[in-house]
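Coordinate-derived values only; no laboratory data. Since the structure is predicted, the reported quantities are computational estimates derived from the model, not experimental observations. Glycine also receives a Cβ, built like all others from the backbone with ideal geometry; neighbour counts cover every protein chain displayed.
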């Protein structure tokens, strides 16, 4: 096994341990679990960045010219962006899901690791050092936003289930209730010792989860916009047209429109919350299709499968 | 609902103004705009699914006849340049402009008016000693120091202080929409006065670009493949494609230029790109050992065909094979080590055979006919494009991006502050609203209240007094 493969296995192992630790933190709020999970997250993404640098410096080949390299960066950037937001907004409870996805994508990247191949002519451009990291960072942001939306949906439907169990009528929401996220059914069930309610109560309020998702998407969308712009500029230099309705371009535009719609609809009270959480979740599926589906399933200008 | 009836109700002018106002209001509706965007998306998708700008016959080859006729009659073969598509984009932009000016900006720049502090979800009250006028000044100075735009108004007999944060960012949406308009101007410029195309030039020959008269002569085309051992086996990785050209603008002399992928040539504002390459095949048709009339006079490109003498048979050059392996099959090395060509034979439109013919060898076609692959030469596929709209598209894209960043990363918020006299001094009442709801400002509001208390000489407290957060 080569050194870079050993490094990537270290990263995957760190992510898996971190996943267990931070899932434990999500369920139990154990500080010990958090103290184990955070260094694992840091170690995992540091190892992946080191692996990319190692590949680049030993082969003198830019490491993001294939799916293996870009998936490695995707996993590492997802964890970096998660750590950034977690430090700012105390989101460590989301870490288990983020690290699990990072471990999954890292493991999947290994199936595309064919060794060291120099870039094909179309990829021999300085734009690859700008466009690809931008787009991958945008994808990574959307992964973190997806996890946050997922937690919103879990909490929302958990509360709905608890509401269905209780016979007491739900008081009408007041502006104050919206702000503090009062959930009487949840509080009652938690007070009665309901395990699900006790756990749901440890999560931030729905409105806070909604705002967390919004903030992450608000980082991802400008990155994706910049990625599309730089990609268009590169396409103009390489292929003669900044936009050719290639499958990748179209899929990226569709994803961009979905997240733009998300941010527009988030300004409307009726759409903020549940509907926006679904849009964010759906948006990430479109990103996965744009990133992997198009690269693997559809032949086009972006089909750099090896 | 807005209505403009300056001419007064009941008059024709007033009625027309009202109808016009109604129309503009409907056109600026969010869901109307979204519906237009959906139609645009559908039309765009049609353009992706249906090959654009092809020969009419190719649609009959690709689709059942009724569908092909539909594509051609509805001009779906050239959807992006159709009047409907361009008009739709113009309509979307017009609706975006209307929405920006009639709905977004008015909603984001509400007039200064009093609010019921305790009814606003984000609210707090602070009591402190001191006369209200002095406290009001200190509160105003606090928010000014924090970078807020502070304005004072006396409304309904009460002195209000309004403190706005990132007020300028309320125009982010306008900037983003302006970016769309600039991009649209750029694409319209290309649509109106740009051109593009592709030409394939065989080594040693010359091509003229019809739109600008530039002549291109291909001296040499070369490619480089590197055999690389990977974990999946041996891969022949393309490394470089390069055309050595002689280029002469209309009325100018030839100059030597080198064209590579990612390194376009700029000749008088038109860019030339190395887009593809291929191998042209020289073939000689004989019958009973004598050259046959109708033998191809020029090398064929992949996909070209020619008839076999007076028969109904047709030979089509399918593709070039760089290396024929020891078993006579297609080797993995694309470089011309032991080259050959795959030829398909048709009787009418019916395929009757396929053969891999080594270069320098011939193939018996029956009835005394033989076809020989006598040689090969490279041709270079070159795209060209003249796009006067590029600077506008680039500028528009960055204006759009700036608008997005302003809209999503700078939160315009307004604080409503009133200071009332109490028995022991003054009571400061604050409420906050933002253009993105209340939750997003909750933490910052709590921090501001704490900072204000410190600024007013009160000690920090674990709970803001009567804070509605």
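Rounded to the nearest whole Å³, what is the per residue volume of the convex hull around the Cα atoms of the protein assembly as shown?
In the protein assembly as shown, the Cα convex hull volume per residue is 252 Å³.
Show me A:221-234, A:134-147, A:110-123 ranked by packing, highest mean number of other Cβ atoms within 10 Å first.
Numbers: A:221-234: 21.8, A:134-147: 26.7, A:110-123: 17.4.
My ranking of the peptides, most packed first, is A:134-147, A:221-234, A:110-123.
In nm, to one decimal, how far is the modelled label at residue B:451 from the one at residue A:59, with both set 7 Å along Cα→Cβ?
Between residue B:451 and residue A:59, the label points sit 5.0 nm apart.
State, in angstrom, two size descriptors of chain B derived from its alpha carbons: Rg to one decimal place and Dmax to the nearest whole number.
36.6, 123
Using helices alone, what [θ] at 222 nm do you get for chain B, with -39,500 (n - 2.57) per DSSP H run of 4 or more residues, divided over all residues and rounded to the nearest 500? Working shown, then result.
Details: 10 runs with 143 residues, N = 469.
The per-residue figure over chain B is -10000 deg cm²/dmol.
Would you please state the base-10 log of I(q)/I(0) at q = 0.10, 0.13, 0.23 1/Å for the range B:12-108, with intensities from the Debye formula using one equal scatterer on every alpha carbon?
-0.42, -0.60, -1.09
Tilt of helix B:83-99 relative to the longest C-alpha principal axis of chain B, in degrees (0 to 90, nearest 10)?
20
Fewest to most neighbouring Cβ within 10 Å: what's the order for B:369, A:291?
Fewest to most other Cβ atoms nearby, the residues stand as B:369, A:291.
For residue B:65, put the label point 7 Å out on the Cα→Cβ axis and report which residues of the range B:339-363 keep their amide N under 20 Å from it.
B:349-350
Taking a cut-off of 25 Å, what percent of all Cα-Cα pairs in the range A:187-306 are separated by more than that?
Details: 2925 of 7140 pairs.
Here the long-distance tail beyond 25 Å is 41 percent of all Cα pairs in the range A:187-306.
Can you give the % of DSSP beta bridges in the range B:281-377 that are antiparallel, to the nearest 5?
Percentage antiparallel, nearest 5: 95.
Starting from the 7 Å offset along Cα-to-Cβ, what nm value, one decimal, do you get for the label separation of residue B:304 and residue A:270?
6.4
So if we plug the beta-carbon distance of residue B:258 and residue B:337 into 1/(1 + (r/R0)^6) with R0 = 22 Å, what FRET efficiency do we get, rounded to 0.05?
On the way: r = 26 Å, r/R0 = 1.18.
For R0 = 22 Å, the calculated efficiency reads 0.25.
Relative to the first principal axis of the alpha-carbon coordinates of chain B, what is the inclination of helix B:30-49, with its axis defined by its Cα atoms, in degrees from 0 to 90 and to the nearest 10?
10
Using a Förster distance of 41 angstrom, determine the FRET efficiency expected from the C-beta separation of residue B:268 and residue B:137, and round it to 0.05.
0.05
Pulled fully out, how much extra length does the chain show between residue A:90 and residue A:160, if you take 0.36 nm times their separation in residues and subtract their Cα-Cα distance?
22.6 nm
Once you place label points 7 Å from the Cα toward the Cβ at residue B:232 and residue B:116, how far apart are they in nm?
6.8
For the range B:172-201, list residues with backbone N below 14 Å from a point placed 7 Å from the Cα of residue B:94 toward its Cβ?
Under 14 Å, as judged by backbone N against the label point of residue B:94, lies no residue of the range B:172-201.
Against the longest principal axis of chain A, how steep is helix A:206-238, in degrees 0 to 90 to the nearest 10, with axes from Cα atoms?
Once rounded, the angle reads 10 degrees.
Between residue B:297 and residue B:276, take the C-beta separation as r, use R0 = 30 Å, and let me know the FRET efficiency to the nearest 0.05.
It comes to 0.80.
For the ranges B:393-399, A:96-102, A:83-89, B:249-255, what's the packing order if you count other beta-carbon atoms within 10 Å of each residue, average per peptide, and put the highest first?
Ranked from most to least packed, the peptides come out as A:96-102, B:393-399, A:83-89, B:249-255.
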